[in-house]
Amino acid sequence: NAGVTQTPKFQVLKTGQSMTLQCAQDMNHEYMSWYRQDPGMGLRLIHYSVGAGITDQGEVPNGYNVSRSTTEDFPLRLLSAAPSQTSVYFCASSYDRVGYGYTFGSGTRLTVV
Amino acid sequence: ELKVEQNPLFLSMQEGKNYTIYCNYSTTSDRLYWYRQDPGKSLESLFVLLSNGAVKQEGRLMASLDTKARLSTLHITAAVHDLSATYFCAVRVSGGYQKVTFGTGTKLQVIP
């Protein structure tokens, strides 16, 4: 049981490049979310999904796209990387049941130069 | 817009002492979460609190929820070095689907 798997763990991008951060879970969780973590700012929600085919914007969605074609996968796409997107990105998933917290992936540390 | 405030932001305490971390939020919530994060690591779920007066305990940590005051506390009893970590509370707005907002975190350092 792998839980939530994020790839890559580290990435350096040049300004203007695009890339996709991968997230996969094998727990059949309905809910999946992407957060970014910056020093002194906690975690901020980028996008979230309540099931396959359903996504919505979080607090800081600009510059990011998501899709959820399957229950297992929830990739995050950076359209045109900017230095302000340098951060640690976490994917998380949860059951649609009362009392369950989120399971987090190990994170992707992204640097945009 | 939901705001979640934690205090203190940084806490240094000696082993064996007790202390409380506070989490205030600005609007009605139906779920409150506590997470732990070790340096350079991911987040680990500690507690999920659902209703007014809810109390949950795991080892030296006890979390409680007062929905009327929009306040949750994480109480640490007889701290040990292994509890050193950053603790986050997170709140879901009532009916807010899965938009969960995190506090800025409390970095706890337990000194032997």
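The values are calculated or read from the model by the stated rules, or taken from the named source; none is laboratory data. Quick caveat: nothing in here was measured; it's all calculated off a predicted structure. No Cβ is skipped: glycine too gets one built from the backbone with ideal geometry, and neighbour counts run over all protein chains shown. Each accessible area value is taken on the protein alone, full model and side chains, heavy atoms only, with ligands, DNA and RNA left out. Shrake-Rupley method; radii C 1.70, N 1.55, O 1.52, S 1.80 Å.
Determine, yes or no, whether B:Gly59 is more than 13 Å from chain A (Cβ to nearest Cβ) and either open to solvent by 20 Å² or more (accessible area, probe 1.4 Å) or within 23 Å of A:Val50 (Cβ to Cβ) (or both).
yes
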Exercise. Could you check, for the stretch B:98-110, whether at least one of its residues is touching a helix residue (DSSP H, G or I) at 6+ places or on another chain (Cβ under 6 Å) and farther than 21 Å from A:Thr103 by Cβ?
Key: yes
Exercise. Mind telling me which of the residues B:Leu83, B:Leu71, B:Leu46 ends up being within 11 Å of chain A (Cβ to nearest Cβ) and surrounded by 14 or more Cβ atoms within 10 Å (Cβ to Cβ)?
Key: B:Leu46
Exercise. Please find, within the stretch A:81-103, the residue that is most open to solvent (accessible area, probe 1.4 Å) out of those that are in a loop (DSSP other than H, G, I, E, B) and away from every other protein chain (no Cβ under 14 Å).
Key: A:Thr86
Quiz prompt | Failed condition for B:Asn18, given (1) at the interface with another protein chain (Cβ under 10 Å from one of its Cβ atoms); (2) farther than 17 Å from B:Gln6 by Cα | solution = (1)
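Does any residue of the stretch A:42-50 turn out to be within 14 Å of another protein chain (Cβ to nearest Cβ), basic (Lys, Arg), under 25 Å from B:Asp30 (Cβ atoms) and assigned to a strand (DSSP E or B)?
The initial filter retains those residues of the stretch A:42-50 that are within 14 Å of another protein chain (Cβ to nearest Cβ), namely A:42-50.
Filter once more, so that each one left must be basic (Lys, Arg): A:44.
Applying the additional criterion that residues be under 25 Å from B:Asp30 (Cβ atoms) yields A:44.
Restricting the remaining residues to those that are assigned to a strand (DSSP E or B) gives A:44.
Scanning the stretch A:42-50 turns up at least one residue that is within 14 Å of another protein chain (Cβ to nearest Cβ), basic (Lys, Arg), under 25 Å from B:Asp30 (Cβ atoms) and assigned to a strand (DSSP E or B).
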Quiz prompt | Qualifying residue in the stretch A:11-28 (condition: within 12 Å of chain B (Cβ to nearest Cβ) and on the phi < 0 side of the Ramachandran plot) | solution = no
Quiz item: Cβ-Cβ below 7 Å, separation at least six or inter-chain, first residue in the stretch B:33-62 and of a type in the set (Asp, Glu), second surrounded by 14 or more Cβ atoms within 10 Å (Cβ to Cβ): which pairs?
Solution: B:Asp38/B:Ala85; B:Glu44/B:Tyr35; B:Glu44/B:Arg36; B:Glu58/B:Leu46
Quiz item: Is it the case that the stretch A:13-20 has a residue that's open to solvent by 60 Å² or more (accessible area, probe 1.4 Å), farther than 25 Å from A:Ser69 by Cβ and either in contact with a strand residue (DSSP E or B) (Cβ under 9 Å, 6 or more places away or on another chain) or among the hydroxyl-bearing types (Ser, Thr, Tyr) (or both)?
Solution: yes
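Given the options A:Tyr48, A:Tyr95, A:Tyr89, name the one that is in contact (Cβ under 8 Å) with a residue 60 or more places away in the chain and either out of contact with any His (no Cβ under 6 Å at 6 or more places or on another chain) or under 26 Å from B:Asn7 (Cα atoms) (or both). Working first, answer last.
Values: A:Tyr48 fails: in contact (Cβ under 8 Å) with a residue 60 or more places away in the chain; A:Tyr95 fails: either out of contact with any His (no Cβ under 6 Å at 6 or more places or on another chain) or under 26 Å from B:Asn7 (Cα atoms) (or both).
Matching residue, one of A:Tyr48, A:Tyr95, A:Tyr89: A:Tyr89.
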Quiz item: Given the conditions (1) under 22 Å from A:Phe90 (Cβ atoms); (2) within 12 Å of another protein chain (Cβ to nearest Cβ), and given that B:Ser51 satisfies all but one, which numbered condition is not satisfied?
Solution: (1)
Exercise. Would you kindly identify the strands (runs of 3 or more DSSP E) lying entirely within chain B that contain at least 1 residues that are at pLDDT 95 or above?
Key: B:4-7, B:10-14, B:19-25, B:29-37, B:43-49, B:55-58, B:61-66, B:71-76, B:85-93, B:106-111
